[in-house]
Amino acid sequence: AATRTFSIIKPDATRRNLTGAVTKMLEDGGLRVVASRRIHLTKDQAEDFYGVHRERPFFNDLVAFMTSGPVVVQVLEGENAMQRNRDIMGATNPANAEPGTIRKELAESIEANSVHGSDSDENAATEIAFFFKPEEIVG
Ligand code: CMP
């Protein structure tokens with residue numbers, strides 16, 4: 001059965017006008033955008049969203065980057081959506097990502113890596129609820 005996951009098109013991608021290119025790769029990979037909103041994250045939102053990384057050395061840079069420009073938050077639906085999206089994105093560091101993945105083809109660096117995707121079904125549910133009300137998701 002189809003499941004859902006959460007995605008962010010990051011500021012490096014919106015800045016380079018790659019929202020459509022990223023979305024096409026997601027769609028070509030078998031995912032459907034069932035909710036989407038372009039927003040500018042506040043510092044509080046970014047810190048809260050990435051709270052699990054608070055103790056990491058890259059946390060402040062990550063928050064600064066994620067608030068440096070617009071992002072597009074999306075809910076994606078498809079067969080095995082969380083794992084499918086991770087396969088389409090490729091490894092966190094574009095240097096390690098497989099050819100044909102979003103991060104290999106489009107990302108600039110491990111920080112400016114164009115997309116975020118949930119790393120478990122449990123986190124997907126939490127992250128979807130962080131940004132979307134149930135009635136904003138139209139499958
Ligand atoms: P994301 O999936 O959005 O989750 C946390 C983000 O931190 C990750 O993608 C990277 O873009 C970013 N990041 C920056 N530096 C590092 C690092 N050294 N290791 C892992 N993630 C990093």
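Just a few scattered comments:
- VAL63 free of Cβ contacts under 8 Å to residues at least 60 places away in the same chain, loosely packed, with under 13 Cβ neighbours inside 10 Å, assigned to a helix (DSSP H, G or I) and hydrophobic (A, V, I, L, M, F, W, C): no
- Checked against (1) within 11 Å of the ligand (Cβ to nearest atom); (2) part of a helix (DSSP H, G or I); (3) of a type in the set (S, T, N, Q); (4) farther than 14 Å from ILE8 by Cα, SER109 passes all but a single condition, namely (2).
- Residue match in the stretch 88-95 (condition: within 11 Å of the ligand (Cβ to nearest atom) and farther than 20 Å from GLU127 by Cβ): yes
- Flag for VAL71 being buried (at least 17 other Cβ atoms within 10 Å of the Cβ), of a type in the set (Val, Ile, Thr) and touching a Pro at 6+ places or on another chain (Cβ under 7 Å): yes
- From ASP12, ASP87, residue being touching a residue at least 40 places away in the same chain (Cβ under 8 Å), part of a helix (DSSP H, G or I) and surrounded by fewer than 18 Cβ atoms within 10 Å (Cβ to Cβ): ASP87
Bear in mind these aren't lab numbers, they're just calculated from the coordinates by the rules spelled out. Small disclaimer: the values here were computed from a predicted structure and weren't measured. Counting neighbours? That spans all protein chains shown, and the Cβs are built from the backbone with ideal geometry, glycine included.
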